[in-house]
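The values are calculated or read from the model by the stated rules, or taken from the named source; none is laboratory data. Just so we're clear, the structure is a prediction, and the values are computed from it rather than from any experiment. Neighbour counts are summed over all protein chains in view; Cβ atoms, including those assigned to glycine, are modelled from backbone coordinates with ideal geometry. Accessible surface areas use protein heavy atoms only, side chains included; no ligands, DNA or RNA. Shrake-Rupley method; radii C 1.70, N 1.55, O 1.52, S 1.80 Å.
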Amino acid sequence: NFSAKQFEQKDLVPTIKNILKENGINAKLLAVEITESIAMRDVSLSISVLNEFRMMGIKISIDDFGIGYSSLNSLKLFPIDELKIDRSFIHDVIENPDKAAIAKAIIVMAHSLGYSVTGEGIETKAQLDFLARNGCDAGQGFFFSPAIPPVDTQQKLT
């Protein structure tokens, strides 16, 4: 995840290239996330930086989708792979028909544009079932695991 300040740094792309090279990491193993608000701050800069990441093989996600001020007309201009539905829609998706309708619409729209979709902030089986029933590709949230420190992540992977 990049903050707006980080994303707008002039040396961001060379810095990422150097980090990958110095650590022997294949760029295809890296996923970059920016919020739609960051993407829309300077559309031409965002497109340029994201295109460079895409050429490197880095996966690109728009995080917290649905709460920013993006233009749907501009959305297809961005070289992205995934939209991540903001947790504010997932939290009330069972109780609130409007939130359910928005989540469904995001899933359909994203798939129509060739993007995968991740639901953020899944806390219950009912939320997971709703997303699965409606074709959401992936999910993240406390339903799967609480946040864990990096050292514990490493232990779980080995």
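So here's what we get for this one:
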{"item": "Ser37 vs. criteria assigned to a helix (DSSP H, G or I) and more than 18 Å from the chain's Cα centre (by Cα)", "result": "no"}
{"item": "Count - residues of segment 30-48 that are of a type in the set (Ser, Thr, Tyr) and open to solvent by 70 Å² or more (accessible area, probe 1.4 Å)", "result": "1"}
{"item": "Leading residue by the ranking (most open to solvent (accessible area, probe 1.4 Å)) among those in segment 113-124 that are within 18 Å of Gln140 (Cβ to Cβ) and of a type in the set (Gly, Ala, Ser)", "result": "Ser116"}
{"item": "From Val151, Val93, residue being out of contact with any His (no Cβ under 8 Å at 6 or more places or on another chain), part of a helix (DSSP H, G or I) and without any contact (Cβ under 8 Å) to a residue 60 or more places away in the chain", "result": "Val151"}
{"item": "Whichever residue in segment 4-29 is among the polar types (S, T, N, Q) and surrounded by fewer than 11 Cβ atoms within 10 Å (Cβ to Cβ) and, among such residues, is nearest to Ser48 (Cα to Cα)", "result": "Asn26"}
{"item": "Residue match in segment 59-69 (condition: touching a strand residue (DSSP E or B) at 6+ places or on another chain (Cβ under 9 Å), open to solvent by less than 20 Å² (accessible area, probe 1.4 Å), of a type in the set (Lys, Arg) and within 17 Å of Phe2 (Cα to Cα))", "result": "no"}
{"item": "Filter result (open to solvent by 60 Å² or more (accessible area, probe 1.4 Å) and not charged (D, E, K, R)) within segment 79-112", "result": "His91, Ile94, Pro97, Ile102, Val108, His111, Ser112"}
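Table: residues versus (1) out of contact with any helix residue (DSSP H, G or I) (no Cβ under 8 Å at 6 or more places or on another chain); (2) modelled with pLDDT under 90; (3) in a helix (DSSP H, G or I).
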site	(1), (2), (3)
Lys5	yes, no, yes
Asn18	yes, no, yes
Glu22	yes, no, yes
Ser46	no, no, yes
Ser70	no, yes, no
